[in-house]
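Here the structure comes first, spelled out in structure tokens, and everything after it is commentary.
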Amino acid sequence: MEKRKAKRGLTARLMVSIILIPMGIGYITVGALAGTFKVDGDIDYFRFIFCATGAALLITGVICLCTDIRKRVVGNRLINSGQYITAEISEIVMNHAIRVNGRHPYVIVCRYQDMYGNIHTFRSRGVYFDPEPLLRDRMVRVYVDGENFKHYYVDIDAVLPEVIQH
């Protein structure tokens, strides 16, 4: 059986890490090489400021990258474990906290009621088109980590057709 992968695309954390890691390396390089130039004054402050700024940028970028990679690994593991619940799509909302090129992504919100009567809500990844008219079904698989619903992946690809944007 072929292993499936969770679709995540280019996330904000990944974009931040792509920007911050090279900046941090650049600042650290400039700070390290500053001692090789003949400059009047105290070069140690300059080196310290550049190296400290570079280290902060690099550490932040690496943390963002590790978080993004971890989310991808958990999503892939959940899908390939095959353990899922079936939830009903309750609404489709725009995520106004994120804006890319002036557009907000749509998020599919689904609900699941367990055997104890508790209602659990799950949110899908963002898609940059209105998925409402394209839905094939109102029920969606939500891959979960056993009884721990904190880690989940909403498989919206199963209820949406393949959309290719140009």
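The values are calculated or read from the model by the stated rules, or taken from the named source; none is laboratory data. Please read all numbers here as calculations on a predicted model, not as lab measurements. When we count neighbours, we look across all protein chains shown, and the Cβ atoms used for this are built from the backbone with ideal geometry, even at glycine. Note: areas computed on protein heavy atoms with side chains; ligands, DNA, RNA excluded. Shrake-Rupley method; radii C 1.70, N 1.55, O 1.52, S 1.80 Å.
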Practice task
Search region 130-158 for residues that are assigned to a helix (DSSP H, G or I) and pair each with any residue that is of a type in the set (A, V, I, L, M) when their beta-carbon atoms are under 8 Å apart and the residues are at least 6 apart or on different chains.
Solution key: E132/I92; L134/L160; L134/V163; I156/I108; I156/V127; I156/V140; A158/V140
Exercise for the section: Would you mind stating whether L78 is farther than 24 Å from G146 by Cα and in a helix (DSSP H, G or I)? Expected result: no
Practice task
Go through region 11-38 and count every residue that is open to solvent by 60 Å² or more (accessible area, probe 1.4 Å) and farther than 30 Å from I98 by Cβ.
Solution key: 6
Fill in the blank from the handout: Log entry, pairs with first residue in region 36-56 being more than 25 Å from I21 (Cβ to Cβ), second being part of a helix (DSSP H, G or I) and at pLDDT below 90, beta carbons closer than 7 Å, six or more apart or on different chains, reads I43/A34; I43/G35
Problem - Restricting region 104-129 to residues that are assigned to a strand (DSSP E or B) and hydroxyl-bearing (S, T, Y), the residue that is nearest to the chain's Cα centre (by Cα) - result: Y106
Problem - Scope region 63-80; condition open to solvent by less than 70 Å² (accessible area, probe 1.4 Å) and out of contact with any His (no Cβ under 7 Å at 6 or more places or on another chain); matching residues - result: C64, L65, T67, D68, R72, G75, N76, I79, N80
